[in-house]
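The values are calculated or read from the model by the stated rules, or taken from the named source; none is laboratory data. As the structure is a computational prediction, the values presented were derived from the model and not from experiment. Quick reminder, even Gly has a Cβ in these numbers, built from the backbone with ideal geometry, and neighbours come from all protein chains shown. What goes into the accessible areas is simple: the full protein's heavy atoms, side chains included, and nothing from ligands, DNA or RNA. Shrake-Rupley method; radii C 1.70, N 1.55, O 1.52, S 1.80 Å.
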Amino acid sequence: MLVNIAEYEKLLDISGQIFIITDIEGRIAYSNRRDFLPEGAFFLLSEHRQKLPDGKTYQSQIGYKAPYYYISLKDITDNLKLSDMLQRVSARLDFAEKTAKLGYWEIDINQRIIYWSAEMYRILKVEESDSSSKRKLLERRIFKEDIPVYRSKISELLKHRRQVEGNLRLKYDKGEISYCQFRAEYHKDSRKISGTLQDITSMIEIHIALNKAKINAEQAVKAKSYFLAQASHDLRQPMQALTLFVDALQEDEGLSRRQQQLVSKIEASAHNLKYLLDSLLDLSKLESGGIECQQQEFNIGTLLYRLSMEYADLAKMHHIMFKIQPCSCKVSADPLLTERILRNFLGNALKFTKNKILLGCKKKGKYLEICVIDNGKGIPENEQKNIFQEFYQIKEAQGEEIGAGLGLTISAKLARLMGTSISLKSVPGKGSCFSFALPYAE
């Protein structure tokens, strides 16, 4: 039976395919893979693709010549795995395109074929089955005013062979508008142009909303600062009156001891309120541009000496040793702003020092660094940036008489106004040094 098959067995083995012959019922009469397809076994003639005992998947091609079926089996296991992998990759790319709203396109210059990814159709809101040319579909969506921009970019790409990009506005049938960014590059070897089209409408809308919110916030800050700056006289007037009334009460010799204590507390509260009000008004002036830097040459030694005479008496009252390092250098800065910064430094030093304060200066290249040093508790490293924020107070210092937390904020802003900055060196338990540098007068 089938004696002629033996002549071709070596050729069949070399081919790598499986060859079998069955009768009309599917019983195997011959197989070149007798190890798992022995003669007498049955083969499913109706299956176009099936797994065999070796675990691989085969595709069958069947021919019939009475009374036998002649079957060739091709191993497609690797092809199926590759196809499955490609499908997964394609699904991931499609998901990525949807998420990023990023469509891919490609033009074969030689064959004049245009390819679009699925996201390109979604961005342009056209059906993949639309038989219109892709070029016409795209230009139908692009704003008339933007078509020359798109065409000029493609011309630039073809002429200079370098990547181009630009923005386009798309319009849809229902009057909707979207903003897109496109990129394109030329591939010399394949003579193809490829690129992307990304819908950036949401980003544009967020950017517009943020700009609007920023403008509103800036206007609100300016309005607040302007109000405080304009109202400074009206706000300070009642405070001055309150101070005069307190002074008048203190001069009254008929007050009882209890009344004198109450007047002292009112005076302290009025003093704190005045300091807070002055700080708020100064801060508002800085934010609204109401304070300008009047730069001039002046002798820093004269300012330091005047401040030392004033603060030495206050220090003596609190049993604090106050020292000044004499200096006769001339600097170029605003003397009033310089004095305000130093007053804030000295005020803080009086509050937090243990028993020593030094006011001095030292040379630092082309600048003169002015320092206020105390031997107080010091400031932890993790708090040193925060103390320049508005109304910020160190937790460890809460409960002490420390003010409103605006002095250093104002000092930092005044320093920036003069083109310099505040420096801080502090060691917990040993003290702090606040300083800023001013240029020497030429």
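If we only count strands (runs of 3 or more DSSP E) wholly inside region 303-392, which ones have 1 or more residues that are within 16 Å of S423 (Cα to Cα) and touching a helix residue (DSSP H, G or I) at 6+ places or on another chain (Cβ under 7 Å)? Before you say what the answer is, go through the steps one by one.
Numbers: elements: 321-324, 330-333, 356-364, 367-374.
It comes to 356-364, 367-374.
Candidates are the residues of region 113-125 that are part of a strand (DSSP E or B) and open to solvent by 30 Å² or more (accessible area, probe 1.4 Å); the one that is farthest from D173 (Cα to Cα) is I113. Scanning region 299-313 for residues being in contact with a strand residue (DSSP E or B) (Cβ under 8 Å, 6 or more places away or on another chain) and either open to solvent by 30 Å² or more (accessible area, probe 1.4 Å) or on the phi > 0 side of the Ramachandran plot (or both) gives a total of 3.
Quick check: anything in region 2-13 among the basic types (K, R) and either at pLDDT 75 or above or on the phi > 0 side of the Ramachandran plot (or both)? Step through it out loud before you land on a result.
Filtering region 2-13 for residues among the basic types (K, R) gives 10.
Then keep just the ones that are either at pLDDT 75 or above or on the phi > 0 side of the Ramachandran plot (or both); that gives none.
No, there is no match, as no residue in region 2-13 is among the basic types (K, R) and either at pLDDT 75 or above or on the phi > 0 side of the Ramachandran plot (or both).
Among the conditions (1) crowded, with 20+ Cβ neighbours inside 10 Å; (2) modelled with pLDDT of 90 or more, the only one that N344 does not satisfy is (2).
The C-beta contact set for region 84-112 (first residue in contact (Cβ under 8 Å) with a residue 40 or more places away in the chain and assigned to a strand (DSSP E or B), second residue surrounded by fewer than 11 Cβ atoms within 10 Å (Cβ to Cβ) and acidic (D, E), distance under 8 angstrom, 6+ apart or interchain) is empty. Among the residues of region 262-275, those identified as open to solvent by less than 60 Å² (accessible area, probe 1.4 Å) and within 18 Å of G347 (Cβ to Cβ) are A268, A270.
A quick yes/no check of all residues on (1) more than 30 Å from K51 (Cα to Cα); (2) of a type in the set (K, R); (3) open to solvent by less than 100 Å² (accessible area, probe 1.4 Å); (4) touching a Lys or Arg at 6+ places or on another chain (Cβ under 8 Å):
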residue: Y69; (1), (2), (3), (4): no, no, yes, no
residue: S72; (1), (2), (3), (4): no, no, yes, no
residue: I76; (1), (2), (3), (4): no, no, yes, yes
residue: M85; (1), (2), (3), (4): no, no, yes, no
residue: A91; (1), (2), (3), (4): no, no, yes, no
residue: E97; (1), (2), (3), (4): yes, no, yes, no
residue: A100; (1), (2), (3), (4): yes, no, yes, no
residue: E106; (1), (2), (3), (4): yes, no, yes, yes
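One residue stands out among those in region 13-30 that are β-branched (V, I, T) and loosely packed, with under 13 Cβ neighbours inside 10 Å: the one that is nearest to S60 (Cα to Cα), which is I24.
The single condition from (1) at pLDDT below 90; (2) of a type outside the set (K, R); (3) farther than 30 Å from H160 by Cα; (4) open to solvent by less than 70 Å² (accessible area, probe 1.4 Å) that E218 fails is (4).
Residue count for region 31-63 satisfying the condition of being closer than 19 Å to D75 by Cβ, of a type in the set (S, T, Y) and either modelled with pLDDT under 90 or open to solvent by 30 Å² or more (accessible area, probe 1.4 Å) (or both): 1. Does L137 meet the test of being of a type outside the set (K, R), touching a residue at least 40 places away in the same chain (Cβ under 8 Å) and surrounded by 12 or more Cβ atoms within 10 Å (Cβ to Cβ)? Taking the combined requirement at face value, the residue does not satisfy it.
For region 241-261, how many residues meet the condition of being open to solvent by 80 Å² or more (accessible area, probe 1.4 Å) and aliphatic (A, V, I, L, M)?
Looking only at region 241-261, we keep the residues that are open to solvent by 80 Å² or more (accessible area, probe 1.4 Å), and these are 244-245, 250-251, 253, 257-261.
From what is left, the residues that are aliphatic (A, V, I, L, M) are 244.
Matching residues across region 241-261 total 1.
Restricting to region 172-188, count the residues that are surrounded by fewer than 16 Cβ atoms within 10 Å (Cβ to Cβ) and within 15 Å of I142 (Cβ to Cβ). Selection size over region 172-188: 4.
Taking the numbered list (1) closer than 23 Å to D173 by Cα; (2) within 31 Å of the chain's Cα centre (by Cα) in turn, E128 passes all entries but (2).
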